[in-house]
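Trainee: What follows is a single structure, and I will ask about it in a moment.
The values are calculated or read from the model by the stated rules, or taken from the named source; none is laboratory data. Just so we're clear, the structure is a prediction, and the values are computed from it rather than from any experiment. Heads up, the Cβs are rebuilt from the backbone with ideal geometry, glycines too, and the neighbour counts pull from every protein chain shown. These area figures cover heavy atoms from the full protein model, side chains too; ligands, DNA and RNA do not enter into them. Shrake-Rupley method; radii C 1.70, N 1.55, O 1.52, S 1.80 Å.
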Amino acid sequence: MIPRLFTLAAVICLILAISTLIPRAEASKECLFGYRAICTFTPGSTIILGMMAYIFHDMKKKMQQRSA
């Protein structure tokens, strides 16, 4: 049950990381990449969410190894 939750959390974090890169004309400021994106902290938020997805995936693998 818990490994499935870690997988779900990893997938959600990965989807959110990708969605921060989507351009949006109505954004208040430009991101550091030079265009208006959904998230104005695009490089930082993308990296943080990607790292969170990796951590959840790694935790799932470690839990599966312990139970085997």
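Trainee: Using only C-alpha positions, report the orientation-averaged shadow area of the convex hull of the chain, nm², one decimal. Mind dumping the intermediate values first?
Mentor: Values: hull surface 18.3 nm².
Projected over every direction and averaged, the Cα hull of the chain covers 4.6 nm².
Trainee: For Thr42, what is the net charge nearby, where nearby means another residue's Cβ is under 12 Å from its Cβ and Lys, Arg count +1, Asp, Glu -1? If you can, show how the numbers build up before the last one.
Mentor: Working: positive: Arg24, Lys29, Arg36; negative: Glu30.
My count for the surroundings of Thr42 gives +2.
Trainee: In Å², and per residue, what accessible area does the chain have when probed at 1.4 Å with the other protein chains present? Spell out each step's value before the answer.
Mentor: Values: 5170 Å² over 68 residues.
I get 76 Å² per residue for the chain.
Trainee: So between Ile38 and Met59, what do we pick up on full extension, going 0.36 nm a residue minus the alpha carbon distance?
Mentor: Values: separation 21, 0.36 × 21 = 7.56 nm, distance 2.92 nm.
Here the segment from Ile38 to Met59 would lengthen by 4.6 nm.
Trainee: Express the Stokes-Einstein translational diffusion coefficient of segment 28-67 in µm² s⁻¹, to the nearest whole number, given a Kirkwood radius over alpha-carbon pairs, 20 °C and a viscosity of 1.002 mPa s. Can you show the working numbers first?
Mentor: On the way: Rh = 11.8 Å.
In µm²/s, the coefficient rounds to 181.
Trainee: Give the angle, between 0 and 90 degrees and rounded to the nearest 10, that separates the Cα long axis of helix 2-19 from the longest principal axis of the Cα atoms of the chain.
Mentor: Approximately 10 degrees, to the nearest 10.
Trainee: Still on this structure, I have one more. For Phe56, what charge total do you get from the other residues with a beta carbon under 12 Å from its beta carbon, if Lys and Arg give +1 and Asp and Glu give -1? Let's see the in-between values first.
Mentor: On the way: positive: Arg4, Lys60, Lys61, Lys62; negative: Asp58.
The answer is +3.
Trainee: Oh, and also: Once neighbouring chains are kept in place and the probe is 1.4 Å, which whole percent of the accessible area of segment 21-68 is contributed by carbon and sulfur?
Mentor: Values: 2410 of 3770 Å².
Of the solvent-accessible surface of segment 21-68, carbon and sulfur hold 64 percent.
Trainee: Could you work out how far helix 42-67 tilts from the main Cα principal axis of the chain, as a 0 to 90 degree angle to the nearest 10?
Mentor: 10
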